[in-house]
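Here's the structure, in structure tokens; my notes come after.
The values are calculated or read from the model by the stated rules, or taken from the named source; none is laboratory data. Since the model is a prediction, treat every value here as computed from it, not as a measurement. Using ideal geometry, Cβ is built from the backbone for each residue, glycine included, and neighbour counts are taken over all protein chains shown.
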Amino acid sequence: RGLGDVYKRQGHTKSGQEIELDLQMNRWTTGEGHARTTVIIRDLTAQNSAERELRRNKTLYDLALQGSEIGVFDVNLNTGSSEVSETWCRIMGYEDNCNGMDTQKNFLSRIHPEDLRTLKQADADCIAGKTERSIAEYRLKTRDGDWSWMKSDAVIVEWDAHGKASRMIGTQTDVTALRHDRNALEVSEKRFRQVLVCLLYTSPSPRDRTRS
């Protein structure tokens, strides 16, 4: 028997349509010692076209996520490891796809202790099927040592043969500015209510104004 050789070739149908072919040539010897060659031809036109379309859509999807500053994470619930997008790494303050670090371990170590329980509970409820999504806001320490606010939104996408959740995919966004705006609005509303109460208590009644 001989080793098989694989070739990629372009061809045309009878109608003149261009097709992409995969040719595999196998050289072998019969029991009587005669040399033989077998050629297997596969039409890969549809498969290659689908793969190119998938890569194109993925590129467009990645560009959209980068423009929106949305990071994506994919967690293997059996191993505890995760795969993340380049935008996720940038949000975390890293470049070059996080340089091969243990992203899940690094992520959990940087969450504020007061918020870690909230995030884990949201994940646990989703994993157990109590909720459809795991949504949480939490403080995360930046590489400069400050705290920023993050929001994650994740869902379960795979289960094992026993129905146990095995894979979670989600997004992560930096909501620090939104959180500050929200806090500023709450403070403003609180001050407004306080001023309103003061005015109500200090303003003269209609009867007092009539007497004056």
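Please return the ranges of helices (runs of 4 or more DSSP H) entirely within the stretch 55-138 where 3 or more residues are modelled with pLDDT of 90 or more.
Result: 103-109, 113-127.
Being surrounded by 14 or more Cβ atoms within 10 Å (Cβ to Cβ), touching a Ser or Thr at 6+ places or on another chain (Cβ under 6 Å) and of a type in the set (Ser, Thr, Tyr) is the requirement here; does residue 82 meet it?
Yes: the conditions hold for residue 82.
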